[in-house]
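Each reported figure results from applying straightforward, stated rules to the coordinates on display, with no laboratory input. Given the structure is predicted, the values throughout are model-derived calculations rather than measurements. Glycine also receives a Cβ, built like all others from the backbone with ideal geometry; neighbour counts cover every protein chain displayed.
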Amino acid sequence: MKERLLELISNIDHIETLFHTEGSDVRGLAVPSSKMIGDVQEFQLWIQELKLELQAIYTQTQDAYIKAALDDLSVYFDGWTDKRKFDKIKGCLLAIQRNIDTYYPLKKTTTLEVIMQKSPKIFISHASNDKAYVQEIVSLFDDMGLTDDHIFCSSIPGYDIPVGKTIFQYLWEQFHEYDLHVIFVHSKNYYMSPVCLNEMGASWVLKSKYTSVLLPSFGFSEMKGVVNNSDIAIKLDNDEDEVKDKLNELYEQLIEEFELKKKPAIIWEKKRDAFIEKIKSISAKAVAINPEESKPLSYEAYTMLQEISGEQHTEIIRIATLSGNHIQYGKQAIEDTLGRREFAKWDAAIDELLCLGLIKKIGKKDDIYVITDAGYKLLETGC
């Protein structure tokens, strides 16, 4: 909406006050301080709202300047060049403000407006590394009576993004064309994904209804950002009776939203209980046991090992540069901009895998590691 876009642009001066200065020390070298804003949640929400408003204009006009503005809003704020990137966005938005009527031409109003009621739809917001769990969640929705037309889930074939659509364009269309019920699949993987956090921010901005599902080994206290546990929140490794009760509650809610035919209790309970057992099975496989010490691998170590066990992107790379420390495992990347403590967990996970002989170093100059036969066996057998 024109008024909302102008309101967002008018907040530029306030947003600019959110910059803060930080310096760092990399391997004993003093690094000049820089102005940062990318880690400020209010700034990220402002960016997401701007993207939604500009995407609406671009969908209608295909205007090249709006497309360039969207590209600028989508850049990663790395802490070193935040101010320069912000200044570019600021100039672009002020130019759009001066030419606002170009993008919102006057429309003739009619005396009778027909208000179309949006159809309901499920959007499952999740990290791709949690696909095994998400597959079972989609199957449970199928068992409830929902169809592929009712569900959007980017990582499951048949429920994903159509060919020719970009993720942001398609997501914007879903939010505006449907009455979305967002299922947030909370995990450590989720909070490491900028895409997932953008989805969370967009859902909050548009005030979509939502349900939080917490995967095993992820606690309520770890939930961050704008989505918390105030609404329906289902922790899948809680007491089984509580999980059953929460799933029943969700089922009743979806029956009402989608006008589903309610299944006989004996049928629904059988499908619900089968879902719980499948989640337990996936969780058990994820806790790989080191038989010598009878201690589980850390979450970070197991996640790394699983990621590099595929046919492609099978290396862990650990490098340190003047711009910071970096870890690449498979297709995933960890930067020390996450915070020193969080980065230290992933750094320690590499040493953990090395000590157990689950990976080995192959690089002479850089720290490059690959999975060993013992690593493959552990993933296959759990020991």
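Worth pointing out:
- Taking 0.36 nm per residue of separation and subtracting the current Cα-Cα distance, fully stretching the chain between ILE266 and ASP245 would add 6.1 nm.
- Taking one quarter of the surface of the convex hull spanned by the alpha-carbon atoms of the range 119-286 gives a direction-averaged projected area of 9.4 nm².
- Highest-first arrangement of 96-102, 299-305, where packing means the average Cβ count within 10 Å: 299-305, 96-102
- Sequentially through the range 344-356, phi angles give Karplus couplings (6.51, -1.76, 1.60; θ = phi - 60°) of 4, 4, 6, 5, 5, 5, 4, 5, 4, 5, 5, 4, 8 Hz, Gly and Pro residues having no value and appearing as x.
- Extension gain for the segment ASP149 to LYS331, taken as residue separation times 0.36 nm less the Cα-Cα distance, is 62.5 nm to one decimal.
- Residues whose amide H falls under 5 Å from that of GLU315, counting only those 5 or more places apart or on a different chain, are GLY330, with hydrogens built in the peptide plane.
- SER128-ILE282 FRET efficiency (beta carbon distance; Förster radius 22 Å; 0.05 resolution): 0.90
- Using θ = phi - 60° in the Karplus curve 6.51 cos²θ - 1.76 cosθ + 1.60, the 3J(HN,Hα) couplings for the range 77-83 round to 8, 9, x, 9, 10, 4, 5 Hz; x is entered for Gly and Pro.
- Environment charge at GLU242 (Cβ cut-off 12 Å; Lys +1, Arg +1, Asp -1, Glu -1): -3
- Net length gained if the chain between GLN60 and HIS20 were fully extended (0.36 nm per residue, minus Cα distance): 10.7 nm
- In units of the rule-of-thumb radius 2.2 N^0.38 Å, the range 2-103 shows an alpha carbon radius of gyration of 1.20.
- For the pair SER119 and THR321, a Förster radius of 41 Å applied to the C-beta separation gives a FRET efficiency near 0.25, rounded to the nearest 0.05.
- Largest-first ellipsoid semi-axes for the range 299-350, taking √(5λ) over the Cα gyration tensor eigenvalues, angstrom: 19, 13, 7
- Label separation (ASN238 vs PHE220): 0.6 nm, computed from points 7 Å beyond Cα along the C-beta direction.
- Where a label projected 7 Å from the Cα of ASP39 along Cα→Cβ would reach, residues of the range 342-356 with amide N under 13 Å: 342-344
- Each of THR321, THR59 has some number of other Cβ atoms within 10 Å of its Cβ, and from fewest to most they run THR321, THR59.
- Once C-alpha pairs closer than 8 Å and six or more residues apart are averaged by separation and normalised to the residue number of the range 119-286, the relative contact order reads 25 percent.
- The alpha-carbon of LYS280 sits under 22 angstrom from the alpha-carbons of these lysines, leaving out residues fewer than 8 places away in its chain: LYS131, LYS188, LYS235, LYS244, LYS246, LYS270, LYS271, LYS295, LYS377.
- FRET efficiency, 1/(1 + (r/R0)^6) with R0 56 Å, evaluated for ILE100 and VAL370 via beta carbons: 0.55
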